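All remarks here apply to the structure that follows.
The values are calculated or read from the model by the stated rules, or taken from the named source; none is laboratory data. It should be emphasised that the depicted structure is a prediction, and the values quoted were computed from it without experimental measurement. Backbone-built Cβ (ideal geometry, glycine too); neighbour counts: all protein chains shown.
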Amino acid sequence: MANLYNKAGLVNIPVGYQEGFLYNIKPEDNTLAFRFNRDSAATRVNKEGLIEEVLGDKPRIDYTDSLTSPSFLLEPQSTNLIPYSEDFSQSSWVKQSSGAGSPPVVTSNYSTSPSGTLSADRVVFNINGGTTSSDFSQLAESVTSNIGDLTNSIFIKSNTASNYNMSFIDPIGGTPTSIVVTSEWQRFNITSTLTTTTSTLKLRLRGNEATSDFADVSVWGAQLEELPYATSYIPTAGSTATRAQETCNGAGNASTFNDSEGVLYCDIAALADDLTFRGIAISDGTSNNRVMLRYRTNSNQINLFIRANGINIVNSTKALTDITNYSKFALKYKSGDIALWIDGVEAKTNTNAFTLIGLNTLSFNAGQGSDAFYGKTKGIYVFNEALTDDELQQLTT
Amino acid sequence: MGLTTKEISSSSFNDMISSVDRRSEYVENRAGANVRLNNFLTPYTLDDKSSILNAPCGYSNGVYASLRPVENLGPELVAETPSNLNGWIDARSNTILSVVNNNIRATRLSEYAATIGISSTGFATVIGKTYEVKIIATKNNTSGSIYARISNNSQITAPVFNEQNTTDTISVDSTFVATATTSFIGVLATAQGDGDYIQSSLMSVRELLQPSADFDFTRGSAATRVTKDGLIKNVQILSGELVTNGDFEQIGSELVTNGDFATDSDWTKGSSWTIANGQASYDASGVSPITSATTSIVSGKTYRLKFKITTSGFARLNFTNDSSQVLFQPNESSVNNFSSGEHTFYLLAQNNSTALKIFAYNGSGGTSFSIDNVSVKEVGQNWVVTDGWSIENGKANIDTSEGTGSFNQLGVLTIGKKYRLSLSAAMTVGRVKFQSDAAGVFIFSTDVSNHEFIASSTDVSFRRFDTTTSGYIDNVSIIEITDDTDLPRIDYTDGTGSLLLEPQSTNLVTYSEDFSQWTSGGGTITTQSGFLAPDGSNNAIKITSSDISAASSYFALTGLNLTETNTRTIYAKTVSGTGTVKLLSHNSNTNNTFTLTENYQRFEVNTTASATGLTFFYGVDFRGGTTLSEVIIWGAQAEDLSYATSYIPTNGSTVTRDADVCNNSGSSDLINSTEGVLYAEIAALANDGTSRRISLSSGSDANRVSLEIDETSNRIKVFMNGGSISAAIITFDASDLTQFNKIAIKYKSGDVSLFLNGTEVATSTSTNMPVGLDRLNFDGGNGNNDFYGKVKCVAVFKEALTDEELAKITSTTQQEVFYEMRDRMLQIDADYYEFGDYTTRLKKLF
């Protein structure tokens, strides 16, 4: 295969960043980097596998999925409604019991948490042989929230050599989910749709839920957020905390991109199949001229979209198995020769003619400022010529 | 040829860079040069094939250094070895020579002179030839200097080569040109006492057999560049700020624990003391201390002491160390009466201490009181403060009624080097002298701007000049400079280092930074100076309009002699946010509306309508429907070129930067007239309709292989001819020659080809071969058609490489990209992580 780097106008693999900037490998001009904004701190999993805080306006290279193959993480705004996410000794965390069950016993700062600090609390649950629904030992917190999708999440591990079967309850407070707590830290999460304004996070043993009779576990990082999926951990210590939304836009200039032909390549995964528009686009800064890939409001679909001089040229979708899995997309655009390659396969073609005008910016949105991309990115490249099928296949394989 | 992947060994690069180090006064961009080498050499076993290899890293006044060839060295010429006494000479006949731990040592005898030394026996040298010299030596007495020398006599006087250190050690790896047929190598130490010694573990001289392929470089004027930290600087400025804490604003961490008495802890209370309600109270029942352990307080250093007193009478206090010795003397007295209120003093510690012990007294006016907010923090870090000087409120104060000592920062300067001193000063009486100037004391009483001096001491030192002197100095700044005008420029405008070669140009804007000389249109404009500028100074100015549509709403320099075809530039940014404004010319023009952001950009217009007048340079013209009402500007320039060149500062008149000329690399040994390759990674400054060439030649254009960026935009031409001038044999139109391109010309009789960025784009079967090629020039080989542009690499091969090799060396390689990204991120101090999958992802693009 020919040297594709020579053909690229922009190459971004997320290795270099600074407050406010995500730098490109190509072009080398740092002033053509992505502009990054987040008006709050946030957390990420670092290369040691530990959860750490990242200051505001600093992009996050996140190692959640792999300690050797991280991704650039972009998330929407979210608020952790649990006021004490790491301190389970607080009275807001209700230690409940019934029947044969004993109230959970909390020991503060008992073990090393996923942040690498001695900040995880020990909680010992015991239902003392109880077998009925009346026999439970439960740690619970209820908060006020809005109607809609909410997600509970929490980090748990066993303090002993034994695994424990426990119940983790959805935000409605109804359906228990069985979880197996091992000696390794795991983050459990569960989503439900609220119709009232009170939501809850519960962890328990209960006689009729096939849980263990006893559990000696460490817990840390409880989170309840008004999203249909769990986002990165938002620490709290006495009140709710909000991680602001992230934006990453404005890479390149008119010299970086070719109006006549090219390829937009993205190695990306969605955070969730949450039925929202999430776009990545080369554009002229408006909705009139743009070459875009986006997740859609339809479940598990990728959308190739080209609009030239104010006219929609192609707006075509392709179903995927699971958009939360990484896929390599390459959108070839050339008048009369449009194609979408996905993971080594030409998935869509189109022969419509077009004349794009003034492509000058690459953004993690739909090109006009809205429909921001929230997801994970391993690489994003723009080539200034329509690559051959062999090249597109090899690139996306 | 079967290509193999071969990492360039660090030793190869180190050999080259060490060689450049020896030949160059200044070396920078090492990482960038290594990037070029990795791109150029790594994947292919070509590193033995290039005869000339250049990437910007080393230079001196008049010389632009090449990495290859690395000089070959002849045999060792010094017969003696430091581990053996045989042959060594007592240079001044006043020592006993011995060998100690493989060092040849000279120990002074008491009755003789204080300068002692060791010399080799004479060795044969050839006048005019260049030799490498290496010396390592130490002396045991801290007094005096130590010298490493090459001389024509065994007393080591009248040195041909001389380096001096005021420390106790010296290490030399350099070159000298012989001036006699017999030379001596030796070391000396001055001001040595009886029994003191100097010793050396290495004295070596070897002939440099292989000449370098350095370019001759001339310009004859100052010039600016973008430094690796992104600042616009005159290339004659050789250092960043050398004075530490020159604004005296540095303040240390709190040394007192629980100084606000929030809890009844950390303090050891005498019988008359209690701690309650957030304060410590003294009941005046007797002399009694209250003590807090502190981080170490050092005698002679300056501290800020703060505390708050509440009393109806006086708090009579003595601040001592843990041994009850005086620690601080407010008001020059160890015991003082303090009334209610906040008290702040800047004081020299009189003794060392690890505690603050406050004695309270009930006599001599002392009453009961409470004390709170006790604080001790170090100030004046890095300065040595003696009597008569004090550091207070961010200034260094002098008051000769308090003493006549000096005020120093140690180890800042190198004796003999040139520096530029600036500071703020205001004396109410008398004057201060700066006593590090080899020309004599420099006396001042007000602000000092750009006083140039040769250092006579390693220390920055001030002292009173008049018997009675009182006032302050502030913002002390010293940078190293040079008067040299033939310094090549390694420019980092695009984030990576490249040699910048520009034509002559004149800035017609007579006050490019002094905006007090500029005028506004009237009352709608206000200005505020002191904003951070692209050169790191605070010389940028904010221009604000109260009514952007008012006729007076502009800011301009008038009385100029501009033309319609001038290229005008200015640096500008917003105060906050993004917006549009007209810059550089009158608002009636249509090509001067720009979008400004919070980051500096250099804005440019290339033509100006004559109707707007040619005596005005409009820095900002708010009129015309743009959005901004305030902008920050700096660095105005207008030049008679079709494109903007590097910034040329002016201050009262036009200033001309002369043309860069870079020629005469190589020799007939390094360039093959029969076949070879000329390689260049270059970018044009502009498509300006001129011919710009890089050539192998015999000194004229009759015999040459030339690469030309043609008068026609983005056109490359190849010239090859022998004995008489002929037309181009290859013409090719590239996409954009103002971007960096990798270009290789293979020349061989009947087999000429042009490779561009990995692809053979044109060929020729010309057999008109040159003869006598002996130089590589950034011109047409005849002194004309100078190459103006940016150069990341040039190289010469003495054989015609294969097509496969040519394709590879003109392609961007994975290694180049990898190292360039790392280098770029390190330069801007960005967060940068090379994770395991990074190279895998990158590899797919190659």
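Quick look at the values:
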| read-out | value |
| --- | --- |
| Index of the failed condition, residue B:515 passing every other in (1) more than 14 Å from chain A (Cβ to nearest Cβ); (2) farther than 26 Å from residue B:568 by Cβ | (2) |
| Any chance residue B:655 is of a type outside the set (Phe, Trp, Tyr), on the phi < 0 side of the Ramachandran plot and in contact with a Phe, Trp or Tyr (Cβ under 6 Å, 6 or more places away or on another chain) | no |
| Region A:143-158: number of residues that are within 20 Å of the chain's Cα centre (by Cα) and over 24 Å from residue A:179 (Cα atoms) | 1 |
| Which numbered condition residue A:351 fails, given (1) under 12 Å from residue A:331 (Cα atoms); (2) of a type outside the set (Asp, Glu); (3) away from every other protein chain (no Cβ under 14 Å) | (1) |
| Top-ranked residue of region B:565-620 - restricted to ones that are of a type in the set (Gly, Ala, Ser) and in a loop (DSSP other than H, G, I, E, B), ranked as nearest to residue B:520 (Cα to Cα) | B:585 |
| Of all residues in region B:693-709 being surrounded by fewer than 24 Cβ atoms within 10 Å (Cβ to Cβ) and within 37 Å of the chain's Cα centre (by Cα), the one that is farthest from residue B:726 (Cα to Cα) | B:699 |
| Given (1) assigned to a loop (DSSP other than H, G, I, E, B); (2) out of contact with any Pro (no Cβ under 9 Å at 6 or more places or on another chain); (3) touching a residue at least 24 places away in the same chain (Cβ under 8 Å), index of the condition residue B:316 fails | (1) |
| Any hit, region A:45-64, residues being more than 9 Å from chain B (Cβ to nearest Cβ) and more than 23 Å from residue A:231 (Cβ to Cβ) | no |
| Condition check for residue A:344: out of contact with any Ser or Thr (no Cβ under 8 Å at 6 or more places or on another chain), on the phi > 0 side of the Ramachandran plot and either within 13 Å of chain B (Cβ to nearest Cβ) or surrounded by fewer than 17 Cβ atoms within 10 Å (Cβ to Cβ) (or both) | no |
| Candidate set: region B:688-716, residues that are of a type in the set (Gly, Ala, Ser) and at positive phi; chosen: the one modelled with the highest pLDDT | B:689 |
| Boolean, residue B:495 is surrounded by fewer than 17 Cβ atoms within 10 Å (Cβ to Cβ) and either of a type in the set (Gly, Ala, Ser) or within 24 Å of residue B:397 (Cα to Cα) (or both) | no |
| Qualifying residue in region B:244-253 (condition: surrounded by 15 or more Cβ atoms within 10 Å (Cβ to Cβ), over 24 Å from the mean Cα position of the chain (by Cα) and closer than 30 Å to residue B:127 by Cα) | no |
| Among the residues listed as B:27, B:99, the single one being in contact with a Leu (Cβ under 8 Å, 6 or more places away or on another chain), among the β-branched types (Val, Ile, Thr), at pLDDT 90 or above and surrounded by fewer than 20 Cβ atoms within 10 Å (Cβ to Cβ) | B:99 |
| Residue in region A:73-82 that is at pLDDT 95 or above, closer than 30 Å to residue A:188 by Cα, within 14 Å of chain B (Cβ to nearest Cβ) and in contact with a Lys or Arg (Cβ under 9 Å, 6 or more places away or on another chain) present | yes |
| Test for residue A:336: is it without any contact (Cβ under 8 Å) to a residue 40 or more places away in the chain, assigned to a loop (DSSP other than H, G, I, E, B) and either more than 14 Å from chain B (Cβ to nearest Cβ) or surrounded by fewer than 22 Cβ atoms within 10 Å (Cβ to Cβ) (or both) | yes |
| Some residue of region B:253-267 being in contact (Cβ under 8 Å) with a residue 24 or more places away in the chain and over 17 Å from residue B:371 (Cβ atoms) | yes |
| Whichever residue in region A:369-397 is part of a helix (DSSP H, G or I) and within 11 Å of chain B (Cβ to nearest Cβ) and, among such residues, is farthest from residue A:323 (Cα to Cα) | A:391 |
| Selection within region A:5-33 - at the interface with chain B (Cβ under 7 Å from one of its Cβ atoms), surrounded by 22 or more Cβ atoms within 10 Å (Cβ to Cβ) and outside any strand (DSSP E or B) | A:5, A:13, A:15, A:23, A:25 |
| Subset of region B:772-824 that is of a type in the set (A, V, I, L, M) and surrounded by fewer than 22 Cβ atoms within 10 Å (Cβ to Cβ) - its residue that is farthest from residue B:697 (Cα to Cα) | B:807 |
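Yes/no per residue for (1) closer than 16 Å to residue B:784 by Cβ; (2) part of a strand (DSSP E or B); (3) β-branched (Val, Ile, Thr):
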{"site": "B:656", "(1), (2), (3)": "no, yes, yes"}
{"site": "B:678", "(1), (2), (3)": "no, yes, no"}
{"site": "B:687", "(1), (2), (3)": "no, no, no"}
{"site": "B:707", "(1), (2), (3)": "yes, yes, no"}
